[in-house]
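Below: the structure, in structure tokens.
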Amino acid sequence: MLSSYSHKSTGLAVIIAILAGIGLAGAAEQRQVEVDELRAALSAAVAKSRELAGENAKLQQVNRNLSESLMAANAESEEFRKSYGEIRLQMEALGIEAVTAGQKGVEGKLLKAVNDIRLLDEQKLRLSDALIALSDAALRLASSDEQSRTGAVTSVEKAIAAADEVLGIDNAKTREGAFPAGTIHNARVISAKKDHGILVFNVGRAAGVRVGMPFRLNREDRPVGRTIVVDVRDNISAAIVQTLEVADDIPRVGDIASVATTQ
């Protein structure tokens, strides 16, 4: 009986030992799995940290670039402000108004200047054609003989009449006698060609008038505008209107013209 119990006890102990060994082996294997999982998680965390560090470096570089760009933009903005201030002072010194809306702004002035230039170009083209025709007629007269002189003289007279018409002095001879000869300080408008803005004064080369000379226009005791001489004869001269005090108040026959000593 004792032998049988002893064998049973031994077998139970062996079984317990085997179970214990299996438990220890399972626990060790579980710990190893946990360690492997921790190592994998740590490796992933390290890789992620390196990735974030790289992204952070890139963002820092972008931030530095943006800071440098902002500094450059601020410097350029300051230069632009200085340039604008200088241009504004120059415009004011030249008597040009600041940029504003409406006809009184710079845009209106530029449009008016472009239109004036176009009109002057058209006037110069017509005058050039008339003077070329007059020059040709004069050359034909100079080289003509007795038989063809009469026709050449007629051609010259027609060319002179055409040139006078372009200059707006076609009726000046008939009106010249209405006013006595003037001076550069007290002349009169004896002809006004409204469609071209050309005026004729009763003062010319004999009184000291020269091409390019500016004249002020007055009517009674108020100013009318400013003109500049474009053609001079012995006792009369032609001028074009540069500016008007009032847009609709155009110069007319009888207005007083005096040389502008100051611009």
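The numbers here are math on the coordinates, done by the rules we state, and not lab data. All values derive from a computational prediction rather than experimental measurement. Don't worry about glycine lacking a Cβ; one is built from the backbone with ideal geometry, like all the others, and counts go over all protein chains shown.
Which net charge results when you count Lys and Arg as +1 and Asp and Glu as -1 among the other residues whose beta-carbon is under 11 Å from that of residue 223? The partial results should precede the final answer.
Values: positive: 216, 219, 222, 226; negative: 220, 221, 245, 249, 255.
So the surrounding residues net to -1.
Rank by packing, highest mean first: peptides 72-81, 209-218, with packing defined as the count of other Cβ atoms within 10 Å averaged across residues.
209-218, 72-81
Could you line up 193, 158, 82 from fewest to most neighbouring Cβ atoms inside 10 Å? Don't skip to the end; give the middle numbers.
Numbers: 193 18, 158 13, 82 10.
Taking fewest neighbouring Cβ atoms as first place, the list is 82, 158, 193.
So, by mean Cβ neighbours within 10 angstrom, what's the order for 180-187, 141-148, 228-235 with the highest one leading?
Top to bottom by mean Cβ count within 10 Å: 228-235, 180-187, 141-148.
First select every other residue whose beta carbon is under 15 angstrom from the beta carbon of residue 58; then total the charges, Lys and Arg +1, Asp and Glu -1.
On the way: positive: 50, 64; negative: 51, 55.
Value of the local net charge: 0.
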